[in-house]
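Below is one structure, written out as structure tokens, with a few remarks after it.
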Amino acid sequence: MLKILFYDTKSYDEESFEKKRKEYPDIQIDYLKPTLGPSTARLAKGYEAVCAFVNCNVGTKTIEILHERGVKLILMRCAGFNNVDISMAKECGIRILRVPGYSPEAVAEHAMGLALAANRRIHKAYVRVRENDFSLTGMLGFNFYGKTAGVVGTGKIGAAMARLCYGFGMKVLAYDKYRNPALDFVNYVELDELLAESDLITLHCPLTDENYHMINRETIRKMKDGVVLVNTSRGGLVKTEDLIEGIRARKFFAVGLDVYEEEKKNVFADRSDEILESSVTARLLSFPNVLITSHQGFFTQEALSAISETTLGNAMAYVRGETTGNEVE
Ligand code: NAI
């Protein structure tokens, strides 16, 4: 029997995993609400595996404690793993498995949703009409049809977003070190050209040391005036202070963010009764052309079902000593 301790679980996680677990009688799961970090890692004593999510702290100290408590497997129930100290895990002989592509369309459709809503000010209209205010001042958007989309990173999600943009009648530019041969309608260019030519820039590359703050004062300066920027990838790709400066300078027509640097404390939490001492999020939300969602790009029925299936499949592959292609190394 493989015992797995789940961290950072919400009711919808438990529901989705319990539905699938019936097919895996050799797996026992205990669900915890707290997130994984140095102060909660000790709870994993007696568990061979832990399961973590995007905002868990799976850094050096956490892994050290997990190792001391006998954990041999970390199951990431997400695609990204920038929050994991891979070399420390290797040193401790802990295997890490993830869910590389549970539903690229879920995230891409959310990215397009953000782009459309922010451009057409649907977030403003929703509030305005509720107050019987049917005026249109400040609501003027622009057509995506015939414009240029710039997709940064054309892996699974970027490719899905490129297809959506193409379907909208947009010309699609892309920047990636590796070209995706399936995207024959995309024109691969250097990043500078993509920044200069695109009316919609959408980020779909993973966060690495190399591309941390890739959207900064310098790169924002290279963008077209009136550009729409969407980030559903990782907050660290955008230097928020520089983004705010750009918004104030009227560089952006609209900005849609599902991820942002300060999200760790916010994501999936109800903080509506708190007074926030300092908040970049609040500053961003003060702009009428900025729309923020709470890291929910992945949050569709199809994606949750695929996440539980692959995570439990990963767990069984570990039990059987098999490789899956989902290893983080
Ligand atoms: P993927 O691994 O299929 O594709 C990533 C692509 O980015 C690859 O083609 C890679 O060559 C490219 N890339 C790497 N560094 C780059 C750089 N500096 N500039 C341009 N391209 C670069 O990953 P996938 O599944 O498409 O996911 C992308 C990212 O989306 C994940 O790393 C994760 O951060 C984010 N994500 C967000 C979710 C959400 O709920 N908002 C859910 C799932 C993923």
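For segment 168-182, the set of residues classified as over 19 Å from TYR145 (Cα atoms) and among the aliphatic types (A, V, I, L, M) consists of ALA182 only. If the condition is being within 15 Å of LEU203 (Cβ to Cβ), free of Cβ contacts under 8 Å to residues at least 40 places away in the same chain and not acidic (Asp, Glu), then segment 242-272 contributes GLY246, PHE252, VAL259, TYR260. Would a scan of segment 190-200 turn up a residue that is within 15 Å of the ligand (Cβ to nearest atom) and either over 23 Å from TYR212 (Cα atoms) or of a type in the set (Phe, Trp, Tyr) (or both)? No: segment 190-200 contains no residue that is within 15 Å of the ligand (Cβ to nearest atom) and either over 23 Å from TYR212 (Cα atoms) or of a type in the set (Phe, Trp, Tyr) (or both).
For segment 57-67, a residue qualifies if it is buried (at least 19 other Cβ atoms within 10 Å of the Cβ) and assigned to a loop (DSSP other than H, G, I, E, B), and exactly one does: ASN57.
Residue by residue, here is whether (1) outside any loop (DSSP other than H, G, I, E, B); (2) out of contact with any strand residue (DSSP E or B) (no Cβ under 7 Å at 6 or more places or on another chain); (3) hydroxyl-bearing (Ser, Thr, Tyr) holds:
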| site | (1), (2), (3) |
| --- | --- |
| GLU109 | yes, yes, no |
| MET112 | yes, yes, no |
| ALA115 | yes, no, no |
| TYR126 | yes, yes, yes |
| GLY138 | no, yes, no |
| GLY141 | no, yes, no |
| TYR145 | no, yes, yes |
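So which strands (runs of 3 or more DSSP E) stay within segment 150-232 end to end and still have 2 or more residues that are more than 17 Å from VAL255 (Cβ to Cβ)? Give the steps one after another, and end with the answer.
Working: elements: 171-175, 186-188, 200-203, 227-231.
Ranges flagged: 171-175, 186-188.
Among the residues of segment 18-56, the ones that are part of a loop (DSSP other than H, G, I, E, B), without any contact (Cβ under 8 Å) to a residue 40 or more places away in the chain and surrounded by 16 or more Cβ atoms within 10 Å (Cβ to Cβ) come to 5 in all. Considering segment 207-227, the residues that are away from the ligand (no atom under 15 Å from the Cβ) and hydrophobic (A, V, I, L, M, F, W, C) include one that is farthest from the chain's Cα centre (by Cα), namely MET223. When you scan segment 85-102, do you find a residue that is exposed (fewer than 15 other Cβ atoms within 10 Å of the Cβ) and more than 26 Å from the chain's Cα centre (by Cα), even just one? For segment 85-102, residues exposed (fewer than 15 other Cβ atoms within 10 Å of the Cβ) and more than 26 Å from the chain's Cα centre (by Cα): present.
Of the residues ALA117, ALA79, ALA106, ALA111, only one is within 16 Å of PRO288 (Cβ to Cβ), among the hydrophobic types (A, V, I, L, M, F, W, C) and within 16 Å of the ligand (Cβ to nearest atom); which? Before the answer, list the steps.
Numbers: ALA79 fails: within 16 Å of PRO288 (Cβ to Cβ); ALA106 fails: within 16 Å of PRO288 (Cβ to Cβ); ALA111 fails: within 16 Å of PRO288 (Cβ to Cβ).
Within the list ALA117, ALA79, ALA106, ALA111, the selection yields ALA117.
Flag set for VAL127, criterion: surrounded by fewer than 19 Cβ atoms within 10 Å (Cβ to Cβ) and either touching a residue at least 40 places away in the same chain (Cβ under 8 Å) or among the β-branched types (Val, Ile, Thr) (or both).
Give the residue, chosen from GLY70, GLY93, that is out of contact with any Asp or Glu (no Cβ under 9 Å at 6 or more places or on another chain), part of a loop (DSSP other than H, G, I, E, B) and away from the ligand (no atom under 16 Å from the Cβ). Only one candidate passes the filter, namely GLY93.
Residue by residue, here is whether (1) touching a Ser or Thr at 6+ places or on another chain (Cβ under 7 Å); (2) among the aliphatic types (A, V, I, L, M) holds:
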position	(1), (2)
VAL228	no, yes
GLY236	no, no
ARG283	no, no
GLN296	no, no
SER305	yes, no
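Bear in mind that the values in this text are calculations on the coordinates, not laboratory data. All values derive from a computational prediction rather than experimental measurement. As a convention, Cβ positions derive from the backbone with ideal geometry for all residues, glycine included, and neighbour counts pool all protein chains shown.
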